[in-house]
1. If you check B:Pro262, B:Pro292, which single one turns out to be modelled with pLDDT under 95, surrounded by fewer than 20 Cβ atoms within 10 Å (Cβ to Cβ) and within 16 Å of B:Glu224 (Cα to Cα)?
2. Just to be sure before I move on: is A:Arg234 basic (Lys, Arg) and within 10 Å of chain B (Cβ to nearest Cβ) in the structure I sent?
3. So B:Arg87 passes all but one of these: (1) buried (at least 22 other Cβ atoms within 10 Å of the Cβ); (2) within 11 Å of chain A (Cβ to nearest Cβ). Which condition number does it fail?
4. Which of (1) surrounded by fewer than 24 Cβ atoms within 10 Å (Cβ to Cβ); (2) touching a residue at least 60 places away in the same chain (Cβ under 8 Å); (3) at the interface with chain A (Cβ under 10 Å from one of its Cβ atoms) does B:Tyr64 not meet, given it meets every other one?
5. Just need a number here: residues in segment A:112-152 that are within 14 Å of another protein chain (Cβ to nearest Cβ) and under 22 Å from the mean Cα position of the chain (by Cα).
6. Output the number of residues of segment A:96-107 satisfying the condition of being within 14 Å of chain B (Cβ to nearest Cβ) and surrounded by fewer than 23 Cβ atoms within 10 Å (Cβ to Cβ).
7. Of all residues in segment A:181-195, count the ones that are over 19 Å from A:Gly63 (Cβ atoms), buried (at least 24 other Cβ atoms within 10 Å of the Cβ) and at the interface with chain B (Cβ under 9 Å from one of its Cβ atoms).
8. Which residue out of A:Asp77, A:Asp82 is acidic (Asp, Glu) and over 13 Å from A:Leu103 (Cβ atoms)?
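The values are calculated or read from the model by the stated rules, or taken from the named source; none is laboratory data. Given the structure is predicted, the values throughout are model-derived calculations rather than measurements. Here Cβ is always computed from backbone atoms with ideal geometry, including for glycine, and neighbour counts include all displayed protein chains.
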There are 2 protein chains.
Amino acid sequence: MTTLVVHGGAGRWAVSEEKRQAVKRALEDAVREGLAAMLRGGAVDGVVAAVEYMEASGLFNAGYGSVYALDGRVYMDAGIMDGKTGRAGAVAAVEGVKSAVRLARAVMELTDHVILAGEGATLLAKRLGLTAPFYKFYSEEKNRQFSQVLEEARQGKWHFKRVLDFADTVGAVALDKDGNLAAATSTGGVWLKLPGRVGDSPLPGAGFWAENGVGAFSATGVGEVIILSTLSLRARDLLEQTGDIRAAVEKAVEYVTRRFGPDTAGLIGVDARGRFAFSYNTRAMARGWGKPGEVRAEL
Amino acid sequence: MTTLVVHGGAGRWAVSEEKRQAVKRALEDAVREGLAAMLRGGAVDGVVAAVEYMEASGLFNAGYGSVYALDGRVYMDAGIMDGKTGRAGAVAAVEGVKSAVRLARAVMELTDHVILAGEGATLLAKRLGLTAPFYKFYSEEKNRQFSQVLEEARQGKWHFKRVLDFADTVGAVALDKDGNLAAATSTGGVWLKLPGRVGDSPLPGAGFWAENGVGAFSATGVGEVIILSTLSLRARDLLEQTGDIRAAVEKAVEYVTRRFGPDTAGLIGVDARGRFAFSYNTRAMARGWGKPGEVRAEL
């Protein structure tokens, strides 16, 4: 029943066919990386490997592909939860780290804490050798997009919800052969965010949730909306009530749509038997899934 | 039906009689400040005024009374939620601010975001004239306690749960004459925390929750435990199911006790009719409550 599901963000995904194919390949490769890691280890290893692959690809708004804050710098959020232990780890508003999700895992496994933010998180990254040089987070394409959204903002045309015109957030959920569930999420946040802004991705219950015997979830969309909806925990509660992963994920996203309107959220989930589902109220959501020997992606 | 309830933290509260009386007076004064602010404004003004009073008093682990992190510095968390609008604001791991709860309110009212952490939050404080000189956060008494817990940690005798041997976190919930609910929480976190550690206090659903027509809640205790229990949202859901604020608050804390053991959490709540309740699984919880003309505190 080993299953791994990933998302590369809900949004408009108005990209070239070339980019679309590259994204689909990256999603499939992320699933393969995750499944391979699960064969060697467990669900936590699986979601970390899949998310780390997407962070490193530069194709998504996470890791090296992260968007720029208002000050032109790159601050990342990531979170992870181990359904077996019920523990979680997360980092928020962290700069210059190789893999925010690996740092989140270190918070979970090496500290008494759940969330580390800002300089403190960077300090831990330094001690663990998880830092990366700043240049890796900058590209000509992102520089151009930054200039464009900054100009739109100056003209008063920028709207916060337009964050989803661009790609947003990556995540993974997994069930391993021992029945352990895990979830992880990683993001660069939103274009032009205030430095230090924390979205849903590092918050258990909002951006992610994993609980053995129930399910695992990873969210994407407008962070503020997902925080105030506690989207992942909402889906978890619906799953416990209905036993239906599809209904749980769909109803959770419907709640967000009713309260905050469309173009705000997406969610992936897997239950304790390996059944999985996606839902989103945006035009599209990049996603992939697989079991050993069978991998697919859609966008 | 104007009602305001405050807490000054769950914990052991093994303090001198003199300190106990000072704390009770401060709780009563905080309630009076909050009620006065509610007469001029609304529930949000009430919880901010009450929490700000406790932050400024230096008697609690919040504001000027905040404990020190492992690096000997003071990092604060605070959050606020407006039950009328459903919006929330919070700051995490912020240094040198006059009132973390006022800064949290600024995040709610002046930005598109819910949470700002670290340097970014400090930057906003600077722009709003909300900074305070560092010396205000240091006292001989706290210096002595810091040396003591640091020494215990070096000898391997420090246990994370011992955070509640000391005072912990302040919070307020209120219902105003127009039926609006609000909740706020503010804290210095835990002794010897890693720099940048984020507790439950700035997380909607964990450290606080307010929702018109339902209720408002503020939590205290071991932050990591409260995050993983989403304590305030749990009480909110129980209140919606049972209509009984006392049962909701008690059952929510019982859940925490079952899952994480005693000496971990406390909670205050008020419902949409102004009925309120407290619950805690620690030895004591400092608390106060009042309506216009009637103010009380217990410890």
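1. Among B:Pro262, B:Pro292, only B:Pro262 is modelled with pLDDT under 95, surrounded by fewer than 20 Cβ atoms within 10 Å (Cβ to Cβ) and within 16 Å of B:Glu224 (Cα to Cα).
2. The answer is yes for A:Arg234.
3. With (1) buried (at least 22 other Cβ atoms within 10 Å of the Cβ); (2) within 11 Å of chain A (Cβ to nearest Cβ) applied to B:Arg87, the lone miss is (1).
4. That leaves (3) as the condition not met.
5. The total comes to 12.
6. 2
7. Selection size over segment A:181-195: 0.
8. A:Asp82
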